[in-house]
Each structure stands twice: as C-alpha cells, then as structure tokens.
Amino acid sequence: MMNLPNSLSFLRAPLALLFIIDSPQLRIFVILLAMASDCIDGYLARRYHFTSRFGAILDPMMDKFFVYVTLLTLIYESKILPWQATLMLSRDFFLFLFLSYLGITGAWRNLKVKAIRWGKITTASQFLVLILIVLKIPLPPQLFYIFIIFGCCAFIELLIFKRNATSP
C-alpha cells in the first residue's frame, strides 16, 4: 500500500545510497533527512489513519537498510572499526533472538507489529553516532557498548509486550 508515510519510509533507501558519496556536508544532510523521514512517517500514519502492518514492517526495515549501508560505507573508508559497527547493530541480534523465539513457539502468528521505545532510542542513537563520526568527533570506544544495553532493553521490552499482548 503506497501512501505518503510509506513513501517517506522508502525515501531512506536512496538516501542511504547518497551516503556513499564522500562529502561530509552531503552525508550530514542525508542523515538529517533520514531522521526527519523516520519521525514524520510514523506521525503522519497515525494522524491520518494510514497505519498498516506493511508500514509497521517497512519503517524499521528502511531504518536498518539506511544504517547498514552507512556503516558498511564507513567501515570501507576506515572511519569506523568493524567491532564498533557490530555493537551498533547489537539490537538486531536481540531482535533475531526474539523472532527465533516466536518462530519456535509459533507465537509470531498472534503478534501485532508495532514500534517499541527501545527500538526508537536505538535508531535515534545510531543516527546521532553517525553524525558524530561524519563530523570526525572522537568517540570513546566505550560509547559503543551502550548499544548492547539498548539491545537488551529492546529484547526485554519485546518479551513484556508479547506477554501482555497474549495474556487473557
């Protein structure tokens, strides 16, 4: 279903490809546009009743695509180390564990897809760290470990949400 919120979500794919161009000004602009589209698409979907399962899946997938492409670009350019990028993606590891749990138990059929607080916090933090890297602001290596904490919190939030969604 194509509507304005979903179009804004899809916008993050070409923005990710623009990030490949090695221009700090362009990269900051691209990250800011990606952040804006991430904020606005959900607001418009809720405000104008364009919410759908497709949109609920598309939005985080486009976030992930954007972050993955930008991190791969920065790794290739040696602006970030692979272990730092891996830690930034640790929430996705926890999401994989949760989806595996749902698959094994068969509970995925009853799950309503919706954004979670720790998912939003992680994505916003990823965007912020990307901006700092592009601006060549030195980051302490320990900063990247916070993404493991965010991943654990997201996993716990998903488990609590699933339990509450399936309780009688």
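The residues in region 1-28 that are modelled with pLDDT under 95 and among the aromatic types (F, W, Y) can be counted, and the count is 1. Could you please find all residues in region 33-50 being part of a helix (DSSP H, G or I) and either without any contact (Cβ under 8 Å) to a residue 40 or more places away in the chain or among the small types (G, A, S) (or both)? Correct list: L33, A34, A36, S37, C39, I40, D41, G42, Y43, A45, R46, R47. For region 58-116, the set of residues classified as among the polar types (S, T, N, Q) and either out of contact with any helix residue (DSSP H, G or I) (no Cβ under 9 Å at 6 or more places or on another chain) or over 19 Å from V30 (Cα atoms) (or both) consists of S78, Q84, T86, S90, S100, T105, N110, listed by residue number.
Of all residues in region 49-85, which are of a type outside the set (A, V, I, L, M, F, W, C) and more than 18 Å from L128 (Cβ to Cβ)? Matches in region 49-85: H49, T51, S52, R53, G55, D59, Y76, E77, S78, P82. For R53, are the conditions met, namely being of a type outside the set (G, A, S), open to solvent by 60 Å² or more (accessible area, probe 1.4 Å) and in contact (Cβ under 8 Å) with a residue 60 or more places away in the chain? Here the answer is yes, as R53 does meet what is asked. Only helices (runs of 4 or more DSSP H) whose full extent lies in region 56-146 are considered here, and the ones with at least 3 residues that are farther than 27 Å from N3 by Cβ, over 15 Å from the mean Cα position of the chain (by Cα) and not aliphatic (A, V, I, L, M) are 82-88, 90-105.
One residue stands out in region 1-20 among those that are open to solvent by 70 Å² or more (accessible area, probe 1.4 Å) and in contact with a Phe, Trp or Tyr (Cβ under 8 Å, 6 or more places away or on another chain): the one that is nearest to I131 (Cα to Cα), namely L4. Filtering region 21-30 down to residues that are open to solvent by less than 90 Å² (accessible area, probe 1.4 Å) and in contact (Cβ under 8 Å) with a residue 40 or more places away in the chain, which residue is farthest from the chain's Cα centre (by Cα)? Looking at residues that are open to solvent by less than 90 Å² (accessible area, probe 1.4 Å) and in contact (Cβ under 8 Å) with a residue 40 or more places away in the chain, I get P24.
The number of residues in region 84-125 being in contact (Cβ under 8 Å) with a residue 60 or more places away in the chain and not charged (D, E, K, R) comes to 11. If you go through region 128-148 and keep only what is surrounded by fewer than 19 Cβ atoms within 10 Å (Cβ to Cβ) and either modelled with pLDDT under 95 or not aliphatic (A, V, I, L, M) (or both), you end up with K136, P138, P140, P141, Q142, Y145.
One line per residue, one yes/no per condition, for (1) among the small types (G, A, S); (2) surrounded by fewer than 21 Cβ atoms within 10 Å (Cβ to Cβ):
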{"residue": "L32", "(1), (2)": "no, yes"}
{"residue": "I40", "(1), (2)": "no, yes"}
{"residue": "A45", "(1), (2)": "yes, no"}
{"residue": "I57", "(1), (2)": "no, yes"}
{"residue": "M61", "(1), (2)": "no, yes"}
{"residue": "S78", "(1), (2)": "yes, yes"}
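The values are calculated or read from the model by the stated rules, or taken from the named source; none is laboratory data. Keep in mind the model is a prediction, meaning the values are calculated, not measured. As a convention, Cβ positions derive from the backbone with ideal geometry for all residues, glycine included, and neighbour counts pool all protein chains shown. The protein model used for the area step is the full one, side chains on, heavy atoms only, and it has no ligands, DNA or RNA in it. Shrake-Rupley method; radii C 1.70, N 1.55, O 1.52, S 1.80 Å.
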